[in-house]
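In what follows, a structure is listed as structure tokens, so that the remarks can point back to it.
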Amino acid sequence: MSNFFRALERAEQERALRRPTPPPAPVSEPSPVVSAPEAPPVRAPQSVFTPPVPAAVGLGAHAHELEGHLVSLLAPASFEAEQYRALRHMIEQLHRSAELSVVGVSSPDAADGKTTTAINLAGALAQAPDARVLLIDADLRGANLAGYLGLDDQEAPGFVDAILDTNLTLEAVTQKRPHLNLSIVSAGRRPSAPYEILKSPRVGELLVEARKNYDYVIVDTPPLVSVPDGRVIGKWVDGFLIVVAAHRTPRKLLEEALNITEPVKLIGLVYNGDDRHISRRSYSSRRSSIRRGLEGPRNGFRNGNRAGRRQTASDD
């Protein structure tokens, strides 16, 4: 984790150098650094990536519906999409070794790139022809998933509708996209009290149904620090990926997010939007460092996962 925080500090310093020099201010004593649990940095693709022209091959008329940063869907052969396949490999390993199926993708605050990461991870997992992948938008305050994927989120029922109406099954609110090998549950109607909606036991029932019918369930959850909603839904997921925005997420906010998250449910960190040059020549060394970084936390997750599930099952 210390290496990750050093990288985050360098990113903050680079961002500060880009700003105009402010007037001199009184020097204050530095704040103490709060220790955080050990977790692996997993670098995601540059969020500014624009897919090349041939990227939409295979999607046909559906390509124009998708948001341009969804490289796993629009440009699956690109180097950027390859980074999401590294993330996919980690989830597949945990699926086999620790029975991980329901993955929450969150971030300390809004606009860190968690929705883009959730969609790209689901898209990477769905590249396996026999994989059954479900993507759920549970960020009821800032639902963006439907817009990114070109779905109708106004007329079609979604996650909120299934929570409020017990006659609606999960399958009834699921939109199938066979050309992507993806099943998608949008947020649905905009609730006036998102926190109360996510506290409902019905959320657990729907995710139990999802676990039975799909190999992988990727849940785009609310931010962990700025609102309490994500902490409520946390008891129903097997683990969390926390997305950190390069040059944007403050270190203290990340520390708070890590302190909120149960250690046994922390899968890893995704460093999103790093604008430093990435070349294909650095592929082997980057891939090796990612693999080394995942070995420790993967074992830790496996050892604590079953106990965590028992605790969740008895939690009212």
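Brief remarks on what is shown
- When each of Val160, Val173 is tested for being under 10 Å from Ala138 (Cβ atoms), among the aliphatic types (A, V, I, L, M) and either surrounded by fewer than 16 Cβ atoms within 10 Å (Cβ to Cβ) or under 22 Å from the mean Cα position of the chain (by Cα) (or both), the lone residue that passes is Val160.
- Residues of region 92-117 that turn out to be among the basic types (Lys, Arg) and within 18 Å of Leu135 (Cα to Cα), as a count: 1
- Per the conditions (1) at pLDDT below 95; (2) open to solvent by less than 40 Å² (accessible area, probe 1.4 Å); (3) over 23 Å from Val160 (Cβ atoms); (4) not aliphatic (A, V, I, L, M), the sole criterion not satisfied by Asp229 is (3).
- With respect to the stated conditions, Ala25 is modelled with pLDDT under 85, surrounded by fewer than 13 Cβ atoms within 10 Å (Cβ to Cβ) and either outside any helix (DSSP H, G or I) or of a type in the set (Gly, Ala, Ser) (or both).
- Qualifying residue in region 239-249 (condition: open to solvent by 10 Å² or more (accessible area, probe 1.4 Å) and hydroxyl-bearing (Ser, Thr, Tyr)): no
- Subset of region 178-196 that is within 15 Å of Arg132 (Cβ to Cβ) and under 20 Å from the mean Cα position of the chain (by Cα) - its residue that is most open to solvent (accessible area, probe 1.4 Å): Asn181
- Among the residues of region 197-210, those that are closer than 25 Å to Gly113 by Cα and open to solvent by 10 Å² or more (accessible area, probe 1.4 Å) comprise Ile197, Lys199.
The rows are residues; the columns are (1) buried (at least 21 other Cβ atoms within 10 Å of the Cβ); (2) touching a residue at least 60 places away in the same chain (Cβ under 8 Å); (3) among the charged types (D, E, K, R).
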site: Leu74; (1), (2), (3): yes, no, no
site: Ala81; (1), (2), (3): yes, no, no
site: Glu99; (1), (2), (3): no, yes, yes
site: Asp112; (1), (2), (3): yes, yes, yes
site: Thr116; (1), (2), (3): yes, yes, no
site: Ala124; (1), (2), (3): yes, no, no
site: Gln127; (1), (2), (3): no, no, no
site: Arg132; (1), (2), (3): no, yes, yes
site: Leu135; (1), (2), (3): yes, yes, no
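- Highlighted here are the helices (runs of 4 or more DSSP H) found entirely within region 106-174 that include at least 1 residues which are modelled with pLDDT of 95 or more: 114-125, 159-164.
The values are calculated or read from the model by the stated rules, or taken from the named source; none is laboratory data. Because the structure is a prediction, the values reported are computed rather than measured. Please note: Cβ atoms are built from the backbone with ideal geometry, for glycine as well, and neighbour counts cover all protein chains shown. Note: accessible area is taken over every heavy atom of the protein model, side chains too, but ligands, DNA and RNA are not part of it. Shrake-Rupley method; radii C 1.70, N 1.55, O 1.52, S 1.80 Å.
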